[in-house]
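So the structure is just underneath, and the comments pick up after that.
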Amino acid sequence: MSFRTPLSTARGLGSAKHGVGHWISERVAAVALVPLVVWGAYSVILLARMDYYEAVEWIRSPVNATLMVLTLGISFMHMQSGLRVVIEDYVYSHLNKAACLLANLFVCGLAGALAIMSILKVALGGA
Amino acid sequence: MSPHLQVWRWHVTMLTSILHRVTGVGLYLGGLIAAAWAVSLAAGPEAYETFKAVLGSPLGKFVMFGMTLSVFYHLGNGIRHLVWDFGYGLDIKSANSSAWAVFGFTVAATLATWAIAFQIGAL
């Protein structure tokens with residue numbers, strides 16, 4: 001038996017009013033990825049037949065380095081927001097959900113930062 | 001599980017919806033492979049040759065073929081979703097035919113990509 005009024009149990013529940021921002025940013029990344037992924041698939045084929053030195057030469061072109069950084073960076077943003085929705089749909093307990101969401105964010109952040117730093121290192125001539 | 005998955009008659013728009021998630025999660029691995037590529041490039045010639053040997057092995061090629069299918073499916077179906085977001089093509093007939101169009105695009109784009117890769121000697 002609870003002495004709380006129906007209004008007090010209902011307060012604070014419901015939307016956090018941040019859903020639209022997530023929804024729109026997910027689509028903005030998706031639109032950007034349409035041309036980037038086509039370029040990325042083409043680049044994978046080109047890179048597959050190059051050896052290390054040709055690949056380094058290729059990534060030193062500012063256009064290739066820029067597009068590669070954008071493709072990787074926006075892909076990791078999109079991966080994070082996409083898997084976040086999957087986790088929110090299938091993981092029910094609060095603690096497990098929080099752990100999965102954090103792991104998703106950290107994996108995407110770490111892999112994205114490592115990938116971009118690696119591209120920049122080679123492109124800027126440190127390799 | 002939302003309403004009684006087992007009592008629904010299987011239809012193509014269910015399959016496209018599920019495959020969008022499955023390929024999305026699969027491409028998560030693809031993103032990590034791309035990051036590993038960048039890291040191995042920065043690590044130097046030996047690491048890069050090791051990375052290339054792993055991806056060039058039969059298992060590596062099998063995984064990359066799956067990634068090619070996944071990336072073109074997710075791309076095609078993603079565009080289908082973006083069109084829906086503008087309010088077009090939401091009726092059952094259009095949704096069914098766009099589903100088949102996405103399957104056609106996936107197969108055609110995957111075969112074309114591997115044919116070009118073979119032609120230029122990338123395999």
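The trypsin sites (Lys or Arg not before Pro) of region A:31-123 meeting both criteria, a DSSP state outside H, G, I, E and B (loop) and at most 15 other C-beta atoms within 10 angstrom of the site's C-beta, are A:ARG49, A:ARG60.
Would you mind classifying chain A by shape? Square roots of the alpha carbon gyration tensor eigenvalues, ordered a ≥ b ≥ c; an a/c under 1.5 is rounded, otherwise it is prolate if a/b is larger than b/c and oblate if not. In terms of gyration-tensor shape, prolate. Over chain B, Cα pairs under 8 Å with separation of 6+ residues give a relative contact order of 30 percent. The mean number of partner chain beta-carbon atoms within 10 angstrom of a residue's beta-carbon across peptide A:43-56 is 5. Taking a span of 30 Å or more along the helix axis (Cα atoms) and a mean Kyte-Doolittle hydropathy of at least -1.0 as the rule, the DSSP H helices of chain A that qualify are A:19-48, A:62-90, A:94-123.
Can you spot the lysines whose alpha carbon is less than 17 Å from B:LYS61's alpha carbon? Ignore those fewer than 8 places along the same chain. Within the straight-line cut-off, B:LYS61 pairs with B:LYS52. Think of it as helices only: each DSSP H run of n ≥ 4 in chain B is worth -39500 (n - 2.57), and spread over all residues that comes to -29000 deg cm²/dmol at 222 nm.
In chain B, the longest principal axis of the Cα atoms and the axis of helix B:92-119 are about 20 degrees apart. Shown is the FRET efficiency for A:TYR92 and B:LYS61, computed with R0 = 41 Å from the Cβ-Cβ distance and rounded to the nearest 0.05: 0.60. Using alpha carbon centroids, what distance separates region A:94-123 and region A:1-68, in Å? Taking the Cα centre of region A:1-68 as reference, the centre of region A:94-123 is 12 Å away. Annotation for A:PHE106 and A:HIS18: the two label points, set 7 Å from Cα along the Cα-Cβ direction, are 1.9 nm apart.
In summary, the lysines within cross-link reach of A:LYS17, defined as a Cα separation below 28 angstrom excluding same-chain residues under 8 places away, comprise A:LYS97. Report summary: the helix-based calculation at 222 nm, which adds -39500 (n - 2.57) for every DSSP H run with n ≥ 4 and divides by the residues of chain A, gives -27500 deg cm²/dmol. Summarising the label geometry, the points placed 7 Å from Cα in the beta-carbon direction at B:ILE79 and A:VAL85 lie 1.9 nm from one another.
Residue by residue along B:69-78, Cβ atoms of other protein chains within 10 Å of the local Cβ number 3 on average. Restricting the chymotrypsin sites (Phe, Trp or Tyr not before Pro) of region A:1-106 to loop positions (DSSP other than H, G, I, E, B) with no more than 12 neighbouring Cβ atoms within 10 Å leaves A:PHE3, A:TYR92. Remark: mean inter-chain Cβ contacts per residue of B:24-37 equal 6, using a 10 Å Cβ-Cβ cutoff to other protein chain atoms.
Where a number appears in this text, it was derived from the coordinates with a stated rule and is not lab data. Just so it is clear, the model here is predicted, and its values are computed rather than measured. Methodologically, a virtual Cβ is constructed for each residue, glycine included, from the backbone with ideal geometry; neighbour enumeration extends over all protein chains shown.
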